[in-house]
Amino acid sequence: MEINEIRQIVSWLDEVDIYSIELTRAGTILRVKMSNEAGPFAHRSACANHDLPEAQAVASDGAVTVTAASVGVFLRVHPYRASPLVSEGDAVQKGDIVGLLRVAQLLLPVYAPQGGLIASVMVADGAAVGFGTPLMALKRSISNDSETGGQRNGN
Amino acid sequence: MATLDERSILPWWTVQAKKGQVLRLGSPAVGARCYLALAGGVDTPMVLGSRSTQLRGEFGGFQGRNLRKGDVIGAIGPHAAQAKLSDAGMPEFGVEPPNFFLTSPSPVPPGDAEATVVRVLPAGEYDCYEAASLEAFWREDWKVTPDSDRYGYRLAGPTLNSRSAIEKRSHGIVPGVIQVPHRGQPIIQLRDAQPSGGYPKIGTVIEADLWRIGQTRIGSRLRFVKTSYEDALSALAENERYLDKVANLVALYRSSLLTT
């Protein structure tokens, strides 16, 4: 794919307020995420990282907002479970799965980016969310300021 | 409930384990049995195109028998494309279980929400049963008795009476066939069904719904809903659509991760 072609795509995206696009051709996948300095999507990345969602706003008190790393339907409860993955006040460790994003039939994990307490859950179970939609607020707990205790699989 | 070391693993989930980690599977919170799928499959010899165990015939699977503590079984391992992903750190994700995608059959009259509902085609000797028995067959819940396994489920419920004694020679049967022995309590032949039997057949659970029975616990209840051959085929096509869709999505998702 030519750089001019990518420039053209980016300029189109800019015009129509689309924040992310993925194009697949034989041998090539192009993924573009736009940044919007004024909006909630104030991060720029050339391609998605499938590790921790990169979009986390860190407030001055060390609280973080867990945001959606993908468009999807936010699930607090696994379809086969009776209770939510986490509730307000729960202590979590870095890398814990705190929610799910349903994209068609896929269920993608939403990870706690740091250890702490779930301060609030901002999105209802089953709500459609976009890239960067704030999902939860996480505050550092005084007793368990754990960055090390989290145990993650797959990385 | 499943855990990998101390970490809880969600149902219908894929995760990469590392050497030395311990996966623990508890009894399932939903359904009757849980499945462990390994990348590339379980490394047991193929017998008649299958790696599963035929317990009664004592062949297939691991030495043709139930697993015992201490048995060691290999996994075939990921194919080349997956192996590339494993090196990079296989991402964990899940899929939506089929019951949220498939249309579930609804019983007439509506019954206990806990009962597993399956669609049934009337079979060879259906018309030989008394009208009251046929009505009860569709209307009542059937309890799965403890005398049930992969070969078949023995059910308890109203007695099914034929209008006259039915004597049949042994004939070919398939998984899903509902036989009625003389005492009038039906048996559903399941995955390890005998290839033949002589009991009269009142109906057949459609192939598309056999997995629902596989996940019905002993002691719980079943309901039968009458269906047609055409609807049975569309139900099977719907199952395949779900599987194709999930396979495509997973392949797309994995390939998108490989390029990042």
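Rule-based calculations on the coordinates, nothing more; no lab input. Everything quoted here is computed from the prediction, not taken from an experiment. So basically every Cβ, Gly included, is an ideal-geometry build from the backbone, and we count neighbours across all protein chains shown.
Within the straight-line cut-off of under 20 Å between alpha carbons, the lysines reachable from A:Lys139 are A:Lys94, sequence neighbours fewer than 8 places apart in one chain being disregarded.
To the nearest Å, what is the center-to-center distance of the stretch B:127-196 and the stretch B:211-257, using C-alpha atoms only? If we compute the Cα centre of each part, the gap is 24 Å.
Averaged over residues, the count of other Cβ atoms within 10 Å places the peptides B:11-21, A:66-76, B:195-205 in the sequence A:66-76, B:195-205, B:11-21, highest first.
Between B:Ser196 and B:Ser52, the contour length at 0.36 nm per residue exceeds the Cα-Cα span by 49.8 nm. Inter-chain Cβ neighbour count for A:102-112, averaged per residue, equals 6 (cutoff 10 Å, partner chain atoms only).
Exposure proxy for B:Lys245, B:Lys69, A:Lys33, B:Lys84: other Cβ atoms within 10 Å of each Cβ, ordered fewest to most, give B:Lys69, B:Lys84, B:Lys245, A:Lys33.
Neighbouring Cβ atoms from other chains, within 10 Å of the Cβ of residues in B:2-15, number 3 on average. Near A:Tyr111, the amide H atoms lying under 5 Å from its own belong to A:Val98; only residues 5 or more places off or on other chains count, and H is placed 1.01 Å from N. Taken over the protein assembly as shown, the percentage of Cα pairs per 10 Å bin, counting from 0 up to the bin with the maximum distance, is 4, 17, 24, 22, 17, 10, 5, 1, 0. Straight-line cross-link reach from B:Lys143 at under 22 Å between alpha-carbon atoms covers these lysines, not counting any fewer than eight positions away in the same chain: B:Lys201, B:Lys226.
Taking the fewest neighbouring Cβ atoms within 10 Å as the starting point, the ordered list for B:Arg183, A:Arg102 is B:Arg183, A:Arg102. Note: relative contact order over the stretch B:2-100, using C-alpha pairs below 8 Å and six or more positions apart, is 31 percent. Once backbone amide H atoms are built at 1.01 Å from N, B:Asp192 has B:Tyr151 as its partners under 5 Å, excluding neighbours fewer than 5 places away on the same chain.
In this structure, A:Met1 and A:Asp125 have a Cβ-Cβ separation that, at R0 = 41 Å, corresponds to a calculated FRET efficiency of about 0.55. Here the relative contact order of chain B, from alpha carbon pairs under 8 Å that lie six or more residues apart, stands at 19 percent.
Per-residue ellipticity at 222 nm, computed for chain B from helices alone with -39500 (n - 2.57) per DSSP H run of at least four residues, works out to -6500 deg cm²/dmol.
Of the residues B:His182, A:His78, the one with the fewest other Cβ atoms within 10 Å heads the list, and the complete ranking is B:His182, A:His78.
Peptides A:93-100, B:53-60 ranked from most to least packed by the mean count of surrounding Cβ atoms within 10 Å: A:93-100, B:53-60.
For peptide A:79-87, the mean count of partner chain Cβ atoms within 10 Å of a residue's Cβ comes to 3.
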